[in-house]
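Asks: Can you keep this structure in mind? I'll have questions shortly.
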Amino acid sequence: MRSRGQKSEIAFTKRIGGRRQPRSGGIPGFPGDTIKGRWLIEQKSTVKKSIAVKLEYLEKIHEAALRHGKLPALAIIFDRPKPQTSPA
């Protein structure tokens, strides 16, 4: 089963027409979560009303982008639970 984060990454990548990195950048040589043109994108998602942005997220994607000749980006996604419909 895919986690909510993985589903969010897949949906975002599809929406922007990007290419998802294997294992969300968990394999050496494939940094970040998504590549779209000259952008290397790290994605963070939450179902909560806020999210903390850690300096390490920004440093990690910045360094990886520089190494691979890309521009760094951080995508923050707020996944809202789908409303449940009641049977009529």
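The values are calculated or read from the model by the stated rules, or taken from the named source; none is laboratory data. Quick caveat: nothing in here was measured; it's all calculated off a predicted structure. Please note that ligands, DNA and RNA were not included when accessible areas were found on the heavy atoms of the full protein model with its side chains. Shrake-Rupley method; radii C 1.70, N 1.55, O 1.52, S 1.80 Å.
Asks: With a 1.4 Å probe and all protein chains in place, put LYS48, LYS54 in order of accessible area, largest first.
Replies: Correct descending sequence by accessible area is LYS48, LYS54.
Asks: Report, in listed order, any pair from LYS14/LYS44; LYS14/LYS36; LYS14/LYS49; LYS7/LYS70 with a Cα-Cα distance greater than 18 Å. Write out the running numbers ahead of the final one.
Replies: Values: LYS14/LYS44 16 Å; LYS14/LYS36 10 Å; LYS14/LYS49 24 Å; LYS7/LYS70 25 Å.
Beyond 18 Å between Cα atoms: LYS14/LYS49; LYS7/LYS70.
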